[in-house]
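Please treat every number below as a calculation from the coordinates, not as lab data. Quantities reported herein were computed from a predicted structural model and do not represent experimental measurements. Methodologically, a virtual Cβ is constructed for each residue, glycine included, from the backbone with ideal geometry; neighbour enumeration extends over all protein chains shown.
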Amino acid sequence: MSTLVIRGGRAWDGLAGLSVETNVALDGDRIEGCGTSLGAARSLDISGCTVVPGLIEGHAHLCFDATPGWRATFDGDTPARMLLRMAGNGRRMLEAGITTVRDLGAPTPLAIELRDAVASGLTEGPRLLVSGAPITTTGGHCWFMGGECDGELGIRKAVRERVKAGVDWIKVMATGGNMTPRTNTFAPQFTVDELRACIEEAHRLRRRVTAHAHGIEGIRVAVEAGVDGIEHCSFTTAGGYEFDQPLIDQIAAKRIVVSPTVSVGFRKWPDDGRREQRGRVLKALLDSNCRVLMSTDCGIPGVPHEALAGGMEVFAEAAGASPVELLRLATSRSADLLGLKDLGTIAPGAIADLLVVEGDPTANLADLDRVRYVLRGGRVVFANPE
Ligand SMILES: [Zn+2]
């Protein structure tokens, strides 16, 4: 007998082109199957709603507060307060149906404490994959998180320290970033040899490396060095965007995971053609069979942690993609690319991380904001009181 049957609504399995009318039966923390279920100890009526796999955020900063004053907040936090802030942001993401989060930048011990606290049930939150403090150059992008190092020896040591601490991913800043004064967003921070040392050391210790890279030269260096993933991948130059199809083809051929960080923040960009250019890059990445996942860089100014669904809408508009394509990116595709076994689908044996929303997000992505229930590991962890 199933422990719980979710009945009376529609379900979308993370892969199909359409949602279907069906019941979903759970056995403890796993999906038992779909169909007309037999008896169950309990049932959850979701009439008028659709159940989908819990969403996956591929690039988050739980330690940032998403406001223009983020840096003062960051600098003013004690470690204890920052950990509470991170837990609170995680909780809000979970309540928005985001059941798994890859955090790509926070002080290393805090990220690891929170991940382990959630995993052990000490606090409620999304499942976490964490990089800890991004590896950066002296004075480089996000140096204030504690990840400065220089030279091949320095970068090897930085990788070793993180793996010793227990990180899941290695994040390296291949270019500067807009949020760090006195860095250069367009130019590479590390040499190809330094990045190679980083990647070699990470692979020896069975970790994958993802590189923050906005500028086209930084992307080129990261691709040449052989990174496993690229964050942002925005192809910016000082003059705007430079479309580089041969480089995109290389990214596809090398099977590099692309985390494009598309967010509700794009809506506030001035109407100067940048949005269209960025849309062209996104479309080219998808059309060239790059391994793209869904990510928003939430936590940065103007990008609230819980705004993944809004980012998916922006992505769909910018790249001319369908709601189902975006839903796949944020569920089964992200799970696959992040190596998350048994997550991102509704299939027998899969972990029952589920989001129930009113309406049908396979027809209308905005319905993702109409959250009715969130389940994590078969347990209802959030029920909308309305
Ligand atoms: Zn980021």
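Here the range 287-318 is scanned for amide nitrogen atoms under 14 Å from the site 7 Å beyond the Cα of Asn178 along Cα-to-Cβ, giving 296-304.
Quick one: what do you get for the range 186-268 if you divide its Cα Rg by 2.2 N^0.38 Å? Walk me through the numbers on the way to the answer.
On the way: Rg = 13.0 Å, N = 83, 2.2 N^0.38 = 11.8 Å.
Ratio of Rg to 2.2 N^0.38 Å for the range 186-268: 1.11.
Applying 1/(1 + (r/R0)^6) with R0 = 41 Å to the Cβ-Cβ distance of Arg275 and Arg42 gives a FRET efficiency near 0.30.
Highest mobility in the GNM of the chain, judged by mean-square fluctuation with C-alpha springs under 10 Å and restricted to Asp193, Asp360, Asp75, is found for Asp75.
Under the rule of -39500 (n - 2.57) per DSSP H run of 4 or more residues, summed and divided by the residues of the chain, what mean residue ellipticity at 222 nm is obtained, to the nearest 500 deg cm²/dmol? Present the calculation step by step, with values, prior to reporting the outcome.
Values: 11 runs with 119 residues, N = 386.
For the chain, the value works out to -9500 deg cm²/dmol.
Protection proxy ranking of 276-283, 307-314, 97-104, 184-191, by the mean of other Cβ atoms within 10 Å over each peptide's residues and highest first, is 97-104, 307-314, 184-191, 276-283. Spin-label pair Arg204-Ala72: with each label point 7 Å from Cα along the Cα-Cβ axis, the two points sit 4.6 nm from one another. Listing Arg379, Arg255 from fewest to most neighbouring C-beta atoms within 10 Å gives Arg255, Arg379. Mean projected area of the convex hull spanned by the Cα atoms of the chain, taken over all viewing directions: 17.9 nm². Computed from the Cβ-Cβ distance with R0 of 22 Å, the FRET efficiency linking Asp116 to Ala80 stands at 0.85.
What does the charge count near Thr136 come to, summing +1 for each Lys or Arg and -1 for each Asp or Glu among other residues with Cβ under 12 Å from its Cβ?
Working: positive: Lys171; negative: Glu148, Asp150, Glu194.
Local net charge: -2.
Each Lys and Arg Cβ is given +1 and each Asp and Glu Cβ -1; about its Cα centre, the chain then shows a dipole of about 580 debye.
Count the net charge of all other residues whose Cβ sits under 12 Å from the Cβ of Cys298, scoring Lys and Arg as +1 and Asp and Glu as -1. Cβ neighbours under 12 Å give a net charge of -3. Between Thr362, Thr345, Thr237, the GNM of the chain built on Cα springs shorter than 10 angstrom shows Thr237 fluctuating the most. Using the Cβ-Cβ distance between Thr138 and Thr237 with R0 = 35 Å, the FRET efficiency computed as 1/(1 + (r/R0)^6) comes to roughly 0.90.
The modelled label-to-label distance for the pair Arg30/Arg255, using points 7 Å beyond Cα in the direction of Cβ, is 2.7 nm.
When the Gaussian network model of the chain links Cα atoms closer than 10 Å, the mean-square fluctuations of Asp45, Asp272, Asp342 top out at Asp272. Extending 7 Å from Cα along the Cβ direction at Glu124 and again at Phe186 yields two label points whose distance is 4.9 nm. In percent, rounded to a whole number, the relative contact order of the chain is 20, using alpha-carbon pairs under 8 Å and six or more apart.
Farthest towards the positive end of the charge dipole of the chain, among the residues Leu326, Val118, Leu355, is the Cα of Val118, using unit charges on the Cβ of Lys, Arg, Asp and Glu.
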